[in-house]
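One structure is given below, encoded as structure tokens.
Derivation of every value follows stated rules applied to the coordinates shown; laboratory data play no part. As the structure is a prediction and not an experimental result, all values here were calculated from the model. So basically every Cβ, Gly included, is an ideal-geometry build from the backbone, and we count neighbours across all protein chains shown.
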Amino acid sequence: MKPGVLAILLAAAVASGQAEHPARSARAVTQTVVPAAAVPRMPHFRWENFTTANGLPDNHVFSVLVDGGRIWAGTNNGLGEYENGQWKVYTTADGLAHRAVLSLALDQRTGAVWAGTMGGLSRISAGRIDTYTQLNSGLSNDVVYGVSVEGDNVWVATAAGACRLNTRTGEWSLYNERNTPMIEIWAYGVSAAADKVYYAVWGSGLLEYTQKTGAWDMYSDPDGETEIVLLKDQGLIHEITSSVSYVDGIVWVSTYFGDSRYDGRYWHNFLTKDSGLPSNFTNFVKGVDRNRAWFCTDKGLAYYDGTNWAVYRPALDTHQPEMIVRDAGGHVTEVPVSTAPAHNYVLGIDFQGHDVWVATAEGLSHGIYQP
Amino acid sequence: MRRGILQRIAGIALVCAASFALAALWPPEVAVKAQPEPTPEERYASPLELLLSPDGQELYVLCQGTDEVRVLNAASGRVLREIPVGHVPRGFSLSPDGARLLVTNSWDDTVTVADTHSGRVVATWAAGYEPSSVIEDRTGKRLFVADRIGDNITVLDAATGAVQETLEAGRGPSYLTLSADGRRIYATHVYPNPVPHRTPPRSEITIIDAAKAQVVDRMTLPGIAGEFHVALSQDGRLGVAAELHPKNLVPLAHVEHGWAFVDTLTVFGADAGRQVEVPLDEVDRYFAMPFGVAITPDKSRIFVTNAGSDCVTVIDTKRMLAYIRKHPEPFAENLSASAHYVVARIPVGKNPRGVAMSRDEARLYVANRLDDTISVIDTRALRVVETLRLAGPTNVSALRRGEQIFYSSHSFQGQFGCSNCHIDSTFDGLQWDLEPDGFGRDIVDNRLIEDLRGTEPFKWNGGNPTLVKECGIRTEMYFWRTQNYSDLRLTDLVLYIRSLPSRPNRWLAADGVLTPAQERGRAIFYRTADTLGQPIPLENRCSYCHNGPKGTSQKSFDVGTKKATDNSGLLDTPQLRNIALTAPYLHDGSAATLEEIWTVYNPHDRHGRTNDLTKDELNDLIEYLRTR
């Protein structure tokens, strides 16, 4: 199925009310009287927001990467590097593949940063930018939605399937409908590790590559593509996947119709109706460990600690800073806060110790942990 | 043995026959007596690099020609030990405590680890592609290895040799230098970094944080295409890199106006105050191919070997720094500048390369690669006080003479020689505008010159049927602007070039078995029908023009790549041997990568039927080509 068709279905689903309005549901539940002592302790942050007014290259931030004390922001108009209170901006004039930087990954060993853009894949290493495109290299497509580094390999998610660059030999390997179970080839996200590599493929669910055997497997929605969940926790929540995060042997998957957690044997799915998710429309997920994860949705940033949920955002109606906590019993409490992320349309997150850095549609936000 | 003797006889006969034939055309410059080729047991030592032991008593000599390191008594020159290493060693260093000798074997892709006390090899570890230099960090935890054709720095565990990571370097990383405080490693490169077509070349010095094992800075060197050694002062305030500054964007004319190369140093650090390019040449005399660099501990003098000019340039550091401060504008091409800071040119042996300075800075040892000697320079008197001769053949064979010619700068005013563009007998990664075709016409990419037999004719237009013509009249007239070679010198040079072997192909498994992707690519290379089932005309098949063991039919074709600046689209079919090494591609270097040959420059399938291929299939074809 073509993405365009799926987008129409998605719009129809939202219009029909299947994607529950989180503000409405949250407000409804907060009327429950909950003793203050029972509110679970969830992380508090003081949010500092960056926009073009204080050096960010563009307010539309697609991706964020923490590199020690340095922060990289992939924006709609260049790649920003923030260090020691100063922004440095890389553009196409510096050799960046395209102004729109959709994804970022750090090679922990070498310190090189890989940037997936709308016009190719760039590597930034100590100020030098090398760019790979579908014309000058084996890259399968110039629209690079996701990138992940594992050992000598750079795994790339593109609009024309998955590919892998071996940085030692220079060999490119392409994976698509010809040699994997992939049906659609619009790869949105990738998360690579020494044992497994996972791809979120828009319309083809979750693709799993086993490093040892070189075999591919695919996980799809047992209900098919329908936006109605018939079989909860029987498999991936939906095939319209948007990102994947593999950490501690756990796969966290985001879709535009809810999110999933897979431990290699069992699935657990998250929907607004039975979790603290502010929206089923999730752009990005990043696992902290096997129990905890952050979800970047169109209606705020959500944190799940394995039991409880917290949502951080400007309120959808008043735009005032808001933090909502939901406990295991479904009790929802508004916690008074004075700051919030720059916008509730959240596209990416990365961690800096206890702090978080968040990419939103209206700026980059630094969540400074408040002990 | 019998085969070796026959080859020697055949070689001698060829030399003699060619000599008689050519002698009829040109009178000899000097009488050269034909001498026998050395047997394999009598290989020339070809000393390339030198090291002194921490106590200064022993001199380590990297003998590239005999695949060994010889350890000499630094005072007497007496050989103490001989340490066999791998094939074509290129760089070496001592561990911080002096207990271990580390040697890169460039054709084996290994590092030899030897015990300096016993001289025994204790380990041989795998490294990257064509390891050329090695450094151990001060903590003894890691080895850093510069891989010339891998374009990276491989980091090894110093205890086990296990590869920890590979760091992205510039193109052709070949020489590593550890700063005196042990915190930084400086990597220099023999080839320029990729740049857009027909723009000035650019190289870099890659700077690595030794503790983090990460690249932390890249010093861009505008206009530079070949860098060699870099030296750092002990106080960390002065750095000096030896390099070539080519002028490849202008037509190769007016040698008398200095059109081809400037030999320079890049000086950097707090003492210089900025990164500045300093010329070594003089207005009417060039000092070609600066290679080895040493700074005296008190920083008063800088010594630079000029490999193409058989001398060592001596610089007064204070005067150089004063000149730099007085001249804030670039002055790399102001050849009158050198008179302000060059205090001596010391003649040494043939093709001087690596240097080692005694701790008391009284003596500088210079490895003369092409006459198997080591010059000992008194750094105060600024003259050679002793010449150590390494054991080996005493005769100078025709091949050796040819190699000496290849590496000497024999153009007008000694500006450049063959090895300027064919660095270490390879290529330079540049495109040149050669004058005979007309100014601004027929821009040509430099090619690899290994294993040339069976690839005639030469030149991209196929205009030279033999190497004698390629290297002879045309080169003499247009390149060197000098008197013609003598017949014997030309024969020697051609013999040397024809003798250059092809280096091992790193993308082909040792057993020759292709990977699945390479096998699929091979099928595409030899296919006779396209993916639609339509027969591919003969001239549109890869294997038609690129046939034979070296991938050339030795014929010319028009594959639709003619540019507005080209006089003709008819081009000689290039050989495919080690094609992966020689980016950019096409006759004028306009294709930055192998992929661009077909994704950009083959819109009408004239350079082979390829537009029916999927991206997967094109990748497979390229994987196969890289095995050739």
- request: Starting at the first residue of region A:46-61, write each ³J(HN,Hα) from the Karplus equation 6.51 cos²θ - 1.76 cosθ + 1.60 with θ = phi - 60°, in whole Hz, x for Gly and Pro.
  value: 9, 9, 10, 10, 10, 9, 4, 5, 10, x, 5, x, 7, 6, 7, 9
query: Taking only C-alpha pairs under 8 Å that are 6+ residues apart, what is the relative contact order of chain B in percent?
result: 9 percent
message: I need the P(r) histogram for chain B: all alpha carbon pairs, bin width 10 Å from 0 out to the longest distance, whole percents.
response: 3, 16, 26, 27, 19, 8, 1, 0
- prompt: Percent relative contact order of chain A, based on C-alpha pairs within less than 8 angstrom and at least six residues apart?
  reply: 15 percent
- prompt: Where does each of B:110-116, B:601-607, A:68-74 land if you order them by average Cβ count within 10 Å, highest first?
  reply: B:110-116, A:68-74, B:601-607
- prompt: In deg cm²/dmol and to the nearest 500, what is the mean residue ellipticity at 222 nm of the protein assembly as shown if only DSSP H runs of at least 4 residues count, each as -39500 (n - 2.57), divided by the residue total?
  reply: -3500 deg cm²/dmol
- prompt: If you keep only loop residues by DSSP, which trypsin sites (Lys or Arg not before Pro) in region A:169-218 have at most 14 other Cβ atoms within 10 Å of their Cβ?
  reply: A:178, A:212
message: Less than 21 Å apart at the alpha-carbon level, and either on another chain or at least 8 residues along: which lysines does that give for residue B:299?
response: B:318, B:326
query: Per residue of A:167-177, how many C-beta atoms from partner chains lie within 10 Å of its own C-beta, taken as a mean?
result: 6
- prompt: Under the Karplus relation 6.51 cos²θ - 1.76 cosθ + 1.60, θ = phi - 60°, what is the ordered set of whole-Hz ³J(HN,Hα) values for region A:192-207, x standing for Gly and Pro?
  reply: 10, 9, 5, 9, 9, 10, 10, 10, 8, 10, 4, x, 10, x, 10, 9
field: Residue-by-residue Karplus 3J(HN,Hα) for region A:340-350, coefficients 6.51, -1.76, 1.60, Hz, glycine and proline x
entry: 8, x, 4, 7, 7, 8, 10, 10, x, 8, 8
field: Lys pairs under 21 Å by Cα in chain A, provided they are eight or more residues apart or on distinct chains
entry: 5
message: Between A:292, A:313, A:261, where does the largest GNM mean-square fluctuation fall for chain A, given springs only between Cα atoms within less than 10 Å?
response: A:292
Residues whose placed amide H lies under 5 Å from that of residue A:196, excluding near-sequence neighbours: A:211
task: Grab the other residues whose beta carbon is less than 12 angstrom from that of residue B:624, score K and R as +1, D and E as -1, and report the net.
output: 0
- prompt: What residue among A:96, A:165, A:121 shows peak mean-square fluctuation when chain A is described by a Gaussian network model with Cα springs under 10 Å?
  reply: A:165
- request: Return the loop-located chymotrypsin sites (Phe, Trp or Tyr not before Pro) in region B:447-546 (DSSP other than H, G, I, E, B) with at most 15 other Cβ atoms within 10 Å of their own Cβ; answer none if there are none.
  value: B:526
field: Residues whose placed amide H lies under 5 Å from that of residue B:174, excluding near-sequence neighbours
entry: B:188, B:189, B:190
- request: Report, ordered by chain and residue number, the lysines lying within cross-link reach of residue B:141, taken as a straight Cα distance under 21 Å and ignoring same-chain residues fewer than 8 apart.
  value: B:212
message: What lysines does residue B:550 reach when the alpha-carbon gap must be under 27 Å and sequence neighbours fewer than 8 apart in one chain are set aside?
response: B:459, B:469, B:562, B:563, B:615
Neighbour net charge for residue A:232 - beta-carbon separation under 12 angstrom, K R +1, D E -1: -3
- prompt: Amide H neighbours of residue A:352 under 5 Å, counting only residues 5+ apart in sequence or on other chains, H built in-plane at 1.01 Å?
  reply: A:357
